[in-house]
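Encoded as structure tokens, the structure appears first; notes follow it.
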Amino acid sequence: MFFYYLRLSALSYRRNPILSSLMVLAIAIGIGAYMVIFTLNYVMGGNPIPQKSAQLFHLQIDSGNPNTESDPPQQLTYLDATALIEADAAFRETPTSKISGILEPESDDVRPFSIIGRGTSADFFPMFNVPFLYGTPWDTSADRNLQQVAVITKELNERLHGGDDSVGETLRLHGNNFQIVGVLDDWSPVPKFYDVNNNPFDSGEEVFIPWNLITPLEFPRSGNTNCWKAPDPGPEGFLNSECVWVQYWVELRDGDEEADYLQFLNNYAAQQKEFGRLPREMNNALFDVEEWLLKEEVLPNETKILSALAAMLLAVCLLNTIGLLLSKFLGKSAEIGVRQALGAHKGSLFLQHVIEAGFIGLLGGILGLAVAAAGLEGIKVILGDDLMRTDWIQLNPPVVVITLTLAIFATVVAGFYPIWRACNINPAIHLKTQ
Amino acid sequence: MEIGPILRALTRNKLGVVLIALQIAFTMTVMVNAVFIINERSKAMARPSGLDEPNMFYLRSTGFGDQFNSEVTEQDDLDLLRNTPGIIDATPINAIPVSGGGSSTALRLEDDPTLPAIPAAVYYTDDHALNTMDLNLIAGENFTSNDVLYQRTSESRNFGKAVVSQTLAETLFPGEGLNAVGRTFYNGDNPVQIAGIIERLQSPWPNSSFVEQAMIVPLNFISGTSTYLIRTEPGERDRLMVETEETLASNNPNRIIRDLMSMNETREESYRLDSAMATILSVVIVTLVFITSMGIVGLAVFGINRRRKQIGTRRALGATQGEILRYFMLENFFISGVGVTLGAVFTIGFSIMLSSLFESPTMSWYYTPLGMVILILIGQIAVLGPSTRAARIQPAIATRSI
């Protein structure tokens, strides 16, 4: 029966090709446009590490200016970060800061080039499930002993060593020699949740070194630095200042560990207050990945506005579909009259028209996928590839499924009234005219 | 006039009216708000930065290795650049206006941290900055080369003089205008005297709340990296960009030259998201108007086909083609009227929601009535074709059996 009704739907489409195509087009445009914006929201507002996002926490210690009402700083001071590392109170923990440096390749054929890196600690890699192609993360002792070790990305390894296993090779960075201990496999979470301060959608860094080396080797910091009070003169003055430039993540496995760590933070802050630091009211907090992305408003306002506009566009397309389905079904009144006179139940008439509406919805959905794919390509073109990563702007399997389902569902719902009207036609009137 | 019959006929097809009216209402909401957003962004993009952007570019030099002496290199580079034919002037600077990255500070009128602070962008540079950026000094004077201090990056940032933008001067000393020259403000506990006022200089952040509050200070940081901002004679920029990069890269093996970019490219990049948003919204508007017009045409054709016999009867009873045309045009006018009235409510509601959610400016009053007129016109144009065809229906149809 289902296939018979499907065949009827196809026949009906061919009888009214312009009207039917108009409907398919309206659904395709509405659904397509909506899915373009949905895809942007889905990825940009998504959870980049769903397996353990609830166990990873970004720290907040409110070291801000007591004379203003400003939000607590997004990062930690050097003083707090080093104290936390020393205390070693979490299951895993890592300070991280964005740095830059000049990389001098061993081969004389390649000119030295500027590179973005990240100072972090051994825990960074297991905490964030970072995959390795060759080698391993450095050992935790390397952090303590200031060993000059480095982990590089797959791309940098391609560039420097043609993709060969480069573990053990030397990397000359910012005038210092580092030993390569690991090469990452493809890893580029969107959004770049572990550092949302410095454009959460740009490409990540290419080299990772122990965070403890940033200060002794005088690496230039290339991330955001914020000071509410001018630091005292000299490098020491800066390190002891209230300038924040360190992001700090901890991994806590359950609620107990979370409560314990917060308690530890409060104790630490209370102790600092006794030394005359942290003049604001105590405001320590832990934000898990999803909370942190939400708090830092990683999803741009633009996509939020576009979502609302796209929803209205979809509404217009569906209203359009209701009107067109009404015309189409009422245009078939005579045929429906004949079927009813021959003994068709209202139920089977209803089913037939639901299938017909669903058929049009499916066609609209398939065309809508093409519209969405084209729209996403268009967005990629107008955003350009030099401002931020755009490789994630494409249809993905969940979006394809949602598109088709939404198209069929929306068309059938939009079709309820027209279907109801079609099923309640008085056969006698239409039989007379035959 | 047939207003009475039209309205009575409409009440017999309530769903058709509701469908079209809702489409028009949503279309209007999206269109008017989108046009407003596009206009706001274009206005922001059109603000001048104060610089002679078309003739300017910049690049960075970063040294490496033990042999690199950044102080000597920077002085040599600047001498070379300033003596290059075609280059008007060059200046070392910590941040590029409009670029999105830079340094800001909080200023107060006294050395008292509990006073409210005024935010301002700071350009750490030297006495050539004014000439290089072609800024218009409207009061006071530029600082001299003797005023310029040189410091290592991580040291504190004390400077005694500043050339401030007119907006910053006005914010610091309201009502004093150009007489603010010579007045003192505090950067932390460090007193700073206003040496001069420039007509306009934007901060590096186009979207910040203090985009027009900026100052130039005679303090130059010695670190491994120097950024040079360069102004050329008109028409010489593109040639000099290539040549300067080559010259600087080859005259010192212990540094690399990077981030070569013209100010025009910088502006394009900084406003890329805004122009992308404008493009996307334009596409949405065009699509929506197209779909709504199709909907109006579709339902009009449907309505006319259903009433062919009545139209024929009216024609047979003496109605002219013009009267039939007018009937359907008026009918659409009433439906659109309901639509745009509803649309006005939606539009204003949505606009209030946007401005309160995103703290964006509120829409001027004339957007809504203008949108109403435009959508009624679109409806009239869309229904013109079907109505003309309806008007051509032969009176003879009335006498034929169904």
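The values are calculated or read from the model by the stated rules, or taken from the named source; none is laboratory data. Given the structure is predicted, the values throughout are model-derived calculations rather than measurements. Counting neighbours? That spans all protein chains shown, and the Cβs are built from the backbone with ideal geometry, glycine included. These accessible areas exclude ligands, DNA and RNA; they are computed on the full protein's heavy atoms, side chains included. Shrake-Rupley method; radii C 1.70, N 1.55, O 1.52, S 1.80 Å.
Can you name every residue in the range A:266-322 that is in a loop (DSSP other than H, G, I, E, B) and over 26 Å from B:Leu273 (Cβ atoms)? Residues satisfying the conditions are A:Phe275, A:Gly276, A:Arg277, A:Leu278, A:Pro279, A:Arg280, A:Glu281, A:Met282, A:Asn283, A:Asn284. Summed over the range A:222-253, residues that are in contact (Cβ under 8 Å) with a residue 24 or more places away in the chain, assigned to a loop (DSSP other than H, G, I, E, B) and not hydroxyl-bearing (Ser, Thr, Tyr) total 9. Hey, does the range A:399-406 have a residue that's in contact with a Ser or Thr (Cβ under 6 Å, 6 or more places away or on another chain), of a type outside the set (Phe, Trp, Tyr) and away from every other protein chain (no Cβ under 14 Å)? Yes, the range A:399-406 contains at least one residue that is in contact with a Ser or Thr (Cβ under 6 Å, 6 or more places away or on another chain), of a type outside the set (Phe, Trp, Tyr) and away from every other protein chain (no Cβ under 14 Å).
Could you tell me whether A:Asn41 is surrounded by fewer than 22 Cβ atoms within 10 Å (Cβ to Cβ), within 14 Å of another protein chain (Cβ to nearest Cβ), touching a residue at least 40 places away in the same chain (Cβ under 8 Å) and assigned to a helix (DSSP H, G or I)? So A:Asn41 fits the description; yes.
Inspect the range A:118-133 for any residue being basic (Lys, Arg) and out of contact with any strand residue (DSSP E or B) (no Cβ under 7 Å at 6 or more places or on another chain) and give the result as yes or no.
At the first step, the residues of the range A:118-133 found to be basic (Lys, Arg) are A:118.
Still in the running and out of contact with any strand residue (DSSP E or B) (no Cβ under 7 Å at 6 or more places or on another chain): none.
No: zero hits.
Inspection of the range A:93-112 finds no residue satisfying the criterion of being free of Cβ contacts under 8 Å to residues at least 24 places away in the same chain, away from every other protein chain (no Cβ under 14 Å) and farther than 30 Å from B:Phe68 by Cβ. Every condition in (1) part of a strand (DSSP E or B); (2) surrounded by fewer than 19 Cβ atoms within 10 Å (Cβ to Cβ); (3) facing chain A (nearest Cβ under 8 Å) is met by B:Ile256 except one, and the failing one is (2).
For the range B:1-43, the candidate set comprises residues that are of a type in the set (D, E, K, R) and part of a helix (DSSP H, G or I); within that set, the residue that is most open to solvent (accessible area, probe 1.4 Å) is B:Arg8. Take the conditions assigned to a loop (DSSP other than H, G, I, E, B) and not charged (D, E, K, R) and apply them to A:Pro95. Does it pass? Against the criterion (assigned to a loop (DSSP other than H, G, I, E, B) and not charged (D, E, K, R)), A:Pro95 does not qualify. Could you tell me which residue of the range B:161-181 is nearest to the chain's Cα centre (by Cα), considering only residues that are open to solvent by less than 40 Å² (accessible area, probe 1.4 Å) and not aliphatic (A, V, I, L, M)? Among those residues, the one meeting the criterion is B:Ser165.
One line per residue, one yes/no per condition, for (1) away from every other protein chain (no Cβ under 12 Å); (2) part of a loop (DSSP other than H, G, I, E, B); (3) open to solvent by less than 10 Å² (accessible area, probe 1.4 Å); (4) over 25 Å from B:Val122 (Cβ atoms):
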| site | (1), (2), (3), (4) |
| --- | --- |
| B:Gly65 | no, yes, no, yes |
| B:Phe68 | no, yes, no, yes |
| B:Val72 | yes, no, no, yes |
| B:Asp77 | yes, no, yes, no |
| B:Leu81 | yes, no, yes, no |
| B:Thr91 | yes, no, yes, no |
| B:Val98 | yes, yes, yes, no |
| B:Ala106 | no, no, no, no |
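Here A:Gly46, A:Gly30 are screened, and the one residue that is within 13 Å of chain B (Cβ to nearest Cβ) and of a type outside the set (Asp, Glu) is A:Gly30. How many of the residues in the range B:298-319 are open to solvent by 40 Å² or more (accessible area, probe 1.4 Å), of a type in the set (A, V, I, L, M) and either within 11 Å of chain A (Cβ to nearest Cβ) or not in a helix (DSSP H, G or I) (or both)? Within the range B:298-319, residues that are open to solvent by 40 Å² or more (accessible area, probe 1.4 Å), of a type in the set (A, V, I, L, M) and either within 11 Å of chain A (Cβ to nearest Cβ) or not in a helix (DSSP H, G or I) (or both) number 2. Residue-level check: of (1) surrounded by fewer than 17 Cβ atoms within 10 Å (Cβ to Cβ); (2) modelled with pLDDT of 95 or more, B:Ile118 misses just (2).
Against the conditions (1) under 32 Å from the mean Cα position of the chain (by Cα); (2) aliphatic (A, V, I, L, M); (3) farther than 30 Å from A:Ala372 by Cα, A:Met1 satisfies every one except (1).
The set of residues in the range B:286-297 that are open to solvent by 30 Å² or more (accessible area, probe 1.4 Å) and either more than 7 Å from chain A (Cβ to nearest Cβ) or over 15 Å from A:Gly30 (Cβ atoms) (or both) comprises B:Val286, B:Val289, B:Phe290, B:Val297.
Scanning the range B:58-75 turns up no residue that is without any contact (Cβ under 8 Å) to a residue 40 or more places away in the chain and hydroxyl-bearing (Ser, Thr, Tyr). One residue alone among B:Arg267, B:Arg255 is under 23 Å from the mean Cα position of the chain (by Cα) and among the basic types (Lys, Arg), and that residue is B:Arg267. Taken residue by residue, the range B:366-388 has no member that is crowded, with 17+ Cβ neighbours inside 10 Å, assigned to a helix (DSSP H, G or I) and touching a Pro at 6+ places or on another chain (Cβ under 6 Å).
Screening B:Gly371, B:Gly339, B:Gly322 for residues that are of a type outside the set (A, V, I, L, M) and within 12 Å of chain A (Cβ to nearest Cβ) leaves exactly one candidate, B:Gly339.
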